[in-house]
1. Can you pull the mean other chain C-beta count within 10 Å for peptide A:78-85?
2. Separation of the range A:18-71 and the range B:165-233 by C-alpha centroid, Å?
3. Calculate the spin-label point distance for A:D324 paired with A:Q136, positioning each point 7 Å from the Cα along the beta-carbon direction, and give it in nanometres.
4. With label points built 7 Å along Cα→Cβ from the Cα atoms of B:A200 and A:D186, find their separation and express it in nm.
5. Relative to the Cα centre, what is the charge dipole magnitude of chain B, using +1 at the beta carbon of each Lys and Arg, -1 at the beta carbon of each Asp and Glu, and rounding to the nearest 20 debye?
6. With charges set only on the Cβ (+1 for Lys and Arg, -1 for Asp and Glu), what does the dipole of the range A:2-335 come to about its Cα centre, in debye to the nearest 20?
7. Exceeding 26 Å between C-alpha atoms, which entries from my cross-link table qualify? They are A:K126/B:K248; A:K49/A:K298; A:K298/B:K243; A:K87/A:K176.
8. Rounded to whole Hz and in sequence order, give me ³J(HN,Hα) for the range A:25-34 from the Karplus expression 6.51 cos²θ - 1.76 cosθ + 1.60, θ = phi - 60°, writing x for Gly and Pro.
Amino acid sequence: MEKYIIKTEQIDAWLKRIIESVPRVLAPVSSGTKTEFRRIKSPEEVNNKSLTTTVSAKAAAFPPVETLFKYQKDGKDTTLTEDSFDKYPETVLWHARSCDAMGFSPLSAIFDWDYKDNIYDERRNKLTIVTFACNQSDECCFCTSVGGGPGNVEGSDIQLTMLNATDTLVEVMTEKGQKLVALLPDIFQPLSEEVDKEAVLAKIPVQFTKEEIKEHVSNAFDSPVWKRQSARCLGCGACAFVCPTCACFDIQEDAHGNHGRRLRCWDACGFSLFTQHTSGYNPRPTQATRWRQRILHKFSYMPERLGVYGCTGCGRCSRACPVDMNLQEHLISIANSNHE
Amino acid sequence: MNENIYLPHIMVIDKITVEAPGVKTFRLKFQNEEEGKAFQFRAGNFAEYSAFGEGESTFCIASAPTRKEYVECTFRHAGRVTSGLNRLEEGQTMGFRGPFGNSFPIEEWKGKNILFVAGGIALPPMRCVIDNVLDLRDQFGDVTIVYGAKSVADLVYKEELAEWNQRSDVKLVTTVDPGGETPDWKGEVGFVPNVLDSVAPNSDNTVAVVCGPPIMIKFTFPVLEKHGFKDENIYTTLENRMKCGVGKCGRCNVGKMYVCKDGPVFSKVQLNDMAPEF
Ligand code: SF4
Ligand code: SF4
Ligand code: FES
């Protein structure tokens, strides 16, 4: 890892150079009350104060709607064409958070176990992630309880940490990151003395450990906790859509007469139709069974089958939920309960 | 560059057989002969079938891997995709992705008797194994097939049933639900689990393969148990809703088990350990 110091006021000049050099730069942009990752053309568009965007950064590699291929029917015949990978732009994800960057590891685990998803992989590989360490947090954040932290560098190519009014620490983790530094090398000063990064980070108390949650929920399939916790859940799916690690999708047809596209679209395990058979039979017939799937998938099935947990503690689901289901509170109650 | 795992093979519909009201079998050939030659599968595998413009639907491969020139699928038209498939005619093209999932451990069954129990539209997943076993007939002991449907009209694979009935080395018992019989029906009348009970299958050195709607499976297991079948000798297939077929869309899991990867074939021993989510 290379470490540098940059004058905070020079960051925009660097970002400007990045925007000129890279086909697509995504950064938090505010409009009304919402802040989302949008394509930017100038540094002024970025909302540097944003803690987290409403929707996570996953769309940079796993868009809400993705073309899998196009078809053209011609008499009895059908011709299929794939999008050229050239259409997926090299992308810099600017001003993401540690919990965004960490989310790509569970996503990649899902898209690459056994069969490799080349569409996702190509988009992911073309992504360079620049995170800003969090100097503050809100009541929904719990990254430190699931193995992350406001200054965690896992998944980041570069992490910036504002040390004081004038200086920013630059940690470069990868070659991809180094390439961005090389775009304006003069503004990066080698680190002359160690700096105390921890001291400026947000303080987020550890409430539980992910291993603890895994142990509890793995033996709690029949527990009444699912029904109790999900009683007010509407099954709207917002929590899954905003989540950096939720990868469930549907495959749909966008048909226009003789031609069309096959699409992959975000889906959510909280929807009642998600698992319903054509016959009407549904193996997950109640919101309680669907909430259980959400929690068990993230904290039991994924670690067991893929070796990664499906939650980075970003708190987005809690912020997005229309009925204030707070995941952190639910997990604390699971961690403190005895489901035997 | 890896290949696009969502891109189907283009198949030509070689032959359509109407099996029962609303139920058809398609015999499919690869349009690209090279793809056809390279294609291999095992009894129990499933695939994703596309009607372009409508979408994809999941069914087992109903033909046997010992019959290499084609793949067959049998489906009932019920939803959007199956209705789209239903409108296709011989000579038209459709999509096929697969094979996916695991298979029946047929190698381990060699030298044993085999009891097949199927209900309704679940004969297709089993026909693949039955044909596979019959194509290697001398390597297995007694073969018994118990098959039931709602009514005489709803029995699928009437041709195969007639053929199996002719064979002296296959014991075939067909049944229809009470009220589903016709005046000249010569088979049994009654639900599959009850008819199976009266057949009194011998469990010695015998493997039982059960495919059918969840409710039939539920009532068939106790009958097998009553006749001395051990859980490790009972196999079934699960038919959870699937989309991707490759462990990504997050739809088919039963607890931590993915039907599209770990299944669709499961032994009763495995089922006992699985979450009650199927
Ligand atoms: S489950 Fe909630 S807190 Fe965890 S990563 Fe997803 S959105 Fe963030
Ligand atoms: S956002 Fe809230 S109400 Fe909507 S599905 Fe998630 S937990 Fe349920
Ligand atoms: S069918 Fe998509 S995960 Fe199994």
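1. 4
2. Their Cα centres are 59 Å away from one another.
3. 2.2
4. Label at B:A200, label at A:D186, 9.8 nm between them.
5. Dipole of chain B, to the nearest 20 debye: 540 debye.
6. Result for the range A:2-335 is approximately 1080 debye, rounded to the nearest 20.
7. Numbers: A:K126/B:K248 21 Å; A:K49/A:K298 30 Å; A:K298/B:K243 20 Å; A:K87/A:K176 20 Å.
Beyond 26 Å between Cα atoms: A:K49/A:K298.
8. 10, 9, 8, x, 10, 9, 8, x, 8, 9
Bear in mind that the values in this text are calculations on the coordinates, not laboratory data. Because the structure is predicted, anything quoted here is derived from the model rather than measured. Glycine also receives a Cβ, built like all others from the backbone with ideal geometry; neighbour counts cover every protein chain displayed.
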